[in-house]
Each structure stands twice: as structure tokens, then as C-alpha cells.
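Reviewing the structure listed below.
The values are calculated or read from the model by the stated rules, or taken from the named source; none is laboratory data. Worth saying up front: this structure is predicted, and the values here are computed from it rather than measured. In this analysis, Cβ positions are derived from the backbone assuming ideal geometry, glycine residues included, and neighbour counts consider all displayed protein chains.
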Amino acid sequence: MSLLQIKDLEVRFAASGSGMFGLNKQWVRAVNGVSLNLAAGETLGLVGESGSGKSSLGRAILHLNPISAGQVLFDGIDMAHGSAVDIARLRHETAMIFQDPYAALNPRHTVGETLAEVLRVQRKVAPEQIARRVDELLELVGLRPELAARKPGSLSGGQCQRVGIARALAVEPRLIIADECVAALDVSIQGQIINLLLELQQRMNLAILFIAHDLAIVRRLCDRVAVMYLGKIVEEGPVEAVFTSPRHPYTAALIQAIPEIDPHRPLPTEPLPGEPPSPLNLPTGCAFHPRCRYAQTMCSVVLPPTYFLHEHRYSCVLEEPLLQPTPAILEQPPL
Amino acid sequence: MSLLQVRDLSVIANNAGREVTLVDRVSFDLAEGEILGLVGESGSGKTMACRGLIRLLPSPNLRVQGGAVRLAGQDLLQLDDAGMRAIRGGQLGMIFQNPSSHLDPLMRIGEQIAEGIRLHQGASKKDARRQAIEVLRQVGIPDPQARVDNYPHEFSGGMRQRAMIAVALGCNPTVLIADEPTTALDVTVQAQILRLLLDLRDQRGLSIIMITHDLGVVAQTCDAIAVMYAGRLCEHGSKYELLAHPQHPYTAGLIDCQPAHSSGHALLRTIAGQPPLLDALPAGCRFHPRCPQVGSVCAEVLPEGARVACHYPLGDRP
């Protein structure tokens, strides 16, 4: 059974200033009927443009956002309607890593205090063992124990993100939600953090929901990938299947837009036009149809059907795969 | 002769009497219609070098030292402030990473474009507005006649970046400095903006310095690449040469770091450690503490060289 099962999840926010006294309230449907499964030890990438609802979904899973409808089953227990005890258990076994490593840490606490607080609140180890466990956690993420006495202001971005990961690991989680956790880091540091996640995941059998806009990293790190557009999953499947034969035109456009380090591969002459429309005013039918080059008249009227092809699913009226040549790969010189 | 020549440009910060060199004797050329990618990690000095050459340093504690910046033969560093103001926003335009903080939120888009045209070309109000609409059309804003009267908040993120490009293009610059122009944008919108910059180069012969940390963006748009590390230019060459046969171990490391090469859970190659602090630089080559092929001379002598600044360049690897 899956560790995490999401069924028809909806997250709605009231738009500010919508109608006098809240009459005619408008709703932003950030997550609009999402179903996903995540098994223990599995890494699922969640990609999409800004405003697609991927962060809202990630936060809703951990009850950091209100859930408007649907179910979030963690270990078979429905957290959407869970009691305080259930949610306390959820927090005891899950953790989140955030995008901005400086903003996610308390600037007035030392690294050691930050980690000790989690251990104390979640009662993970006996009080007299907290100091030793803090050292272990720092070592686990490749930091020297002396850093426990430092405050975030005197750490580099990469070091701060390692502390963020150590804090997530302090609860000994079975599920980690990583929201754009390398987006703010320089390339040479990005690789170090990705490698750390890969190693930890294999060692601890972690399930990771990896929210990112960088498809190249997702391809490298994840087992499966889900593509989100305006609150819906438009395509989902094993990473290789999705990247080599995307079925949804939006997925194909995203993959095509990845800048590849291949000087012989030109920029697409006709990139995907436009930007995602406001989630306040979702287009009728398939939400992607105003930007889709394959759109037919029916696309603006009816919701596209969802097709299943082994473990690969996609919601589009097109039945033929959108084949495109895999970008030529530059030879990797040995270092 | 190249349109823009930068020679031994340094930018010095004065921190309460202590001088720190942010950019150390950087030299490069830019030909007409050429796109040069200036690549490096945060703090490498790529933005400061360009801010220095356009003389738009963000703090009075910063100053340009020595060297020359020749635009069509004229040394910009010798100009007085009035002379520089005529060049800046005229022949030399600049666009930034975050359009929201570089457009005036209280001024209509059209007025922001027209302001520069009136100042630099002495155009009438009516004429400047007509030109502003034309520029908006060129940068791909739909319905420019109506959009010219919008405020920045009425534009989406991608359209704001187009509007900022329009402001810079208003006075027909010959050189455009683009500082991380697509970093804040989604990949699909990034592709649109890069395509726009390439088209502008092709149509107008515009020369562009593209400051970026993304080697993928550079590979797809630039003609030449200059790589910066800790304030120094460490490698400079054509994009084909530099990406296929990097000579500096740092360039090779940056290329190897990119995750785009393959899938599967193989570990990524990384560059160990982190860039040095500019007020505590290591002796000799600034990259030597992180360099996989460091030699004895590296810790003692700062390497020089226009093509590659390394004591042990990698040569042509198989």
C-alpha cells in the first residue's frame, strides 16, 4: 500500500477584496481535484510553472494549508478529516524543506538550538542525549559539529540548506516534502545538496515529494514525475517515460524549454506562447487549451479524458504520443 | 575593431577604510551583433563588472579603478557625469533580473519608454508616444495601442520583462547589458524572452552582454562566453570551443555540475567546497583550494591569461 494517497484533493483560497461583505466571494482554486500516490522510499517530482498550485498541494499534505475537499491518507489514515492526535502523528513522521534556507531558520537561534528544539518537542531522544544527536545529525548532512554554535547569518546558503535538511531528518521522517529546495543555490552547491538527498533517501528509505520547476534536476533525482497546470495533474508517470515520450502538449513544451548545455541545439523558434491565466478565471474545458497548439474545438468545451498507459497517465484528447527527439547529450569530460 | 572594449576594469569596495577588490582587472571585447555570456556564481563579480562599465555602481562605497571602457572608440571612464548620462540609456542600455523593481509602479508603461526617447532624442511628446507604441509592438506586446497606457501591475511577469526591454530599446542602443534577464521567469516564458533577445540581435544588430549563472541559457543564446570566479575572469572563448573543450578546471567543473546530462540515480559531479570570501582570498590562484588538479605553483602565483587564466590548462581532452 502507498505511504501517501491523495484523492481528489482541493485547496481553495478566498480572493481578497471579492465583493462587499464577502458577497460574491471569488475563489482561487489552487489545487483542483488532484489524486496522487507515493510509496515508501519513492521520490515523486512535482513540476509546473509558478501559480500551478504545486506548493499549495505540498503544504496541504502536511496540513499547513486548509484542505477544502478530498482526502489525504497517510499510512491509511485520512488526515484531511483527522483528529488533533492524527495530525500530531503526521507531524511526528513527516517534514518539510523550504526554498529559502535563510528565511526558514530562526536567525536568533544557533544551529544547535534549532535542531535541539525539534528533538525536544517531538521527544525523539532522551533529554540527556540531545547534544549527541545534534552532532550526529550535522554529521549526517556533511557539516562539522562546531557549526552547532553558529547562527544562520554566519553560514553560507548551502550550509543553511544542509541545516534545513538536518532539521527535517531530526524527526526521523518517512516522508519529506521538499519545496524548491535547491532553487536558491548556486549550481556547484545545488549538486552537493541533490547528492545528499539521493544518499539519504537510499540509506533511510525516505519517501520524497520533490517540488521543483527545474525539470533537469527532477529527471536526475526522481522515480516518477507529475506535471501540474492550473491546479490539475495533466500528466504523471515514470520519469523516463514522461521525459522521452511526453503525452500532454504542456509537458512537451516544458521539456523543450529546458536550456540544455549543447551549443548545437538552437533555442526553439516558436516557444510555447503566453503565460498561465489567472486561477480566478479558469478557462472552460481543458485549462491549457488557450496556449495549446494542438487545441481542437472540443477542448474549450469538455474536460479531457484521462488515459492510462501502464503506469503513465495523461489528460488530453490527443491519442498519439508527442514524440520529439531527445536532446543530443554533450560528452561528459572526465574530471 | 570591436564595438566595446573593456580593459583591466577593476571595481573596489571601501568597507570602513578596508579596501576589497570585487572585480580584478577584467578585460573583454564585444563585437557588433555579438552576444557575450558573462557566467559565474553569486559573488563572482559578473554584475559588478557590468555595473562598473556602465558606471552605475549601487553604493558610494564602490568605485571603478584603472583600465578603460571604450565604446566605439570613446573611453567611458574619462567622461564626466553629464557625458555618461547621455550614453547611459542612449547607446548603452541595461535590463535587470526583476522588472517589478526597475519599472516605476506609478507611471504608465508608455510614459516610461517615452521619457527616455524625449530626453535622449529630443522628440516631441506625441512623437515619443508613437515611438513607444512601435517599440512595444517590436517586443511582442499584444495590442500595443491600448497597452501603452497600462501601469506595470497590469502586466504579467513575462510582459513586464518585455516592457523593461522596450524601455531599454527606446533610444536605439548599440549595446544592451542584460543582468539575469530570465532568472525570475518560468522556463516557458524564459524561452520566449530569450527568443525575443535573439530576434532583436538579428533585426537590429544589437550587441548584448548577458549576465547569467545558467550555462544552458548561454549555450543556446550566446556567441562567446566569459567565465568569472571570485572577481577574476578565468576563461574566455567562443561558446563552441569553451563548452566542448573547457580549459579551466572551474569551467569544466561548472559544466559537469549540470544535471541535464542524464537520468537515473547516479550522483551528480560537484565542485567540492565553496567560493572564497572576497576579503579573505587565498594566495595564488583563487580556485586552487577547490581545484582537482592543483599544482605547487597554484598556491603561490596568480595565473594570468586572456583565453584561460590557469597554470595547468586542461588541453584537448578526448
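Please state which one of B:THR47, B:THR21 is out of contact with any helix residue (DSSP H, G or I) (no Cβ under 9 Å at 6 or more places or on another chain), among the hydroxyl-bearing types (Ser, Thr, Tyr), within 30 Å of B:GLN274 (Cα to Cα) and buried (at least 22 other Cβ atoms within 10 Å of the Cβ).
Of the residues listed, the single one that is out of contact with any helix residue (DSSP H, G or I) (no Cβ under 9 Å at 6 or more places or on another chain), among the hydroxyl-bearing types (Ser, Thr, Tyr), within 30 Å of B:GLN274 (Cα to Cα) and buried (at least 22 other Cβ atoms within 10 Å of the Cβ) is B:THR47.
With the requirement that a residue be over 13 Å from the mean Cα position of the chain (by Cα) and more than 9 Å from chain B (Cβ to nearest Cβ), what does region A:224-243 give you?
A:TYR229, A:LEU230, A:GLY231, A:LYS232, A:VAL234, A:GLU235, A:GLU236, A:GLY237, A:PRO238, A:ALA241, A:VAL242, listed by residue number.
Consider A:ALA104 carefully, then state whether it is in contact with a Gly (Cβ under 9 Å, 6 or more places away or on another chain), in contact (Cβ under 8 Å) with a residue 24 or more places away in the chain and over 30 Å from B:GLY43 (Cβ atoms).
So A:ALA104 does not fit the description; no.
So which pairs qualify, if the first residue must be in region B:204-218 and in contact (Cβ under 8 Å) with a residue 24 or more places away in the chain, the second must be assigned to a strand (DSSP E or B) and among the aromatic types (Phe, Trp, Tyr), the Cβ gap must be under 9 Å, and the two must be at least 6 apart or on different chains?
Pairs found: B:ILE209/B:PHE28.
For region B:221-243: of the residues being surrounded by fewer than 23 Cβ atoms within 10 Å (Cβ to Cβ) and in a helix (DSSP H, G or I), which is farthest from the other protein chains (Cβ to nearest Cβ)?
Step by step, filter region B:221-243, then rank; the result is B:GLU241.
Check whether at least one residue in region A:146-157 is of a type in the set (A, V, I, L, M, F, W, C), in contact with a helix residue (DSSP H, G or I) (Cβ under 8 Å, 6 or more places away or on another chain), surrounded by fewer than 17 Cβ atoms within 10 Å (Cβ to Cβ) and over 22 Å from A:ALA184 (Cβ atoms), and report yes or no.
Yes: region A:146-157 contains one or more residues that are of a type in the set (A, V, I, L, M, F, W, C), in contact with a helix residue (DSSP H, G or I) (Cβ under 8 Å, 6 or more places away or on another chain), surrounded by fewer than 17 Cβ atoms within 10 Å (Cβ to Cβ) and over 22 Å from A:ALA184 (Cβ atoms).
It is to be established whether one or more residues within region A:54-72 are at pLDDT below 90 and small (Gly, Ala, Ser).
Looking for residues that are at pLDDT below 90 and small (Gly, Ala, Ser), one finds none in region A:54-72, hence no.
Can you tell me which residue within region A:274-327, out of those that are out of contact with any Phe, Trp or Tyr (no Cβ under 9 Å at 6 or more places or on another chain) and assigned to a strand (DSSP E or B), is modelled with the highest pLDDT?
A:HIS312
So, in region B:173-184, how many residues would count as being surrounded by 23 or more Cβ atoms within 10 Å (Cβ to Cβ) and either within 14 Å of chain A (Cβ to nearest Cβ) or acidic (Asp, Glu) (or both)?
Number of matching residues: 2.
Tell me the residue from A:LEU221, A:LEU215, A:LEU185 that is surrounded by fewer than 23 Cβ atoms within 10 Å (Cβ to Cβ), facing chain B (nearest Cβ under 10 Å) and at pLDDT below 95, please.
A:LEU185
Could you please give the count of residues in region A:260-295 that are at the interface with chain B (Cβ under 8 Å from one of its Cβ atoms), among the charged types (D, E, K, R) and within 27 Å of the chain's Cα centre (by Cα)?
2
Surrounded by 24 or more Cβ atoms within 10 Å (Cβ to Cβ), in a helix (DSSP H, G or I) and within 7 Å of another protein chain (Cβ to nearest Cβ): is that true of B:ALA191 in this structure?
Against the criterion (surrounded by 24 or more Cβ atoms within 10 Å (Cβ to Cβ), in a helix (DSSP H, G or I) and within 7 Å of another protein chain (Cβ to nearest Cβ)), B:ALA191 qualifies.
Among the numbered criteria (1) more than 25 Å from B:ALA309 (Cα to Cα); (2) not in a helix (DSSP H, G or I), which single criterion is violated by B:LEU196?
(2)
Let's see how each residue does on (1) without any contact (Cβ under 8 Å) to a residue 40 or more places away in the chain; (2) part of a strand (DSSP E or B); (3) under 22 Å from A:VAL171 (Cβ atoms); (4) of a type in the set (Ser, Thr, Tyr):
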site: A:VAL34; (1), (2), (3), (4): no, yes, no, no
site: A:GLY41; (1), (2), (3), (4): no, no, yes, no
site: A:SER50; (1), (2), (3), (4): no, no, no, yes
site: A:ASN65; (1), (2), (3), (4): no, no, yes, no
site: A:GLY82; (1), (2), (3), (4): yes, no, yes, no
site: A:ILE87; (1), (2), (3), (4): yes, no, yes, no
site: A:ARG91; (1), (2), (3), (4): no, no, yes, no
site: A:ALA95; (1), (2), (3), (4): no, yes, yes, no
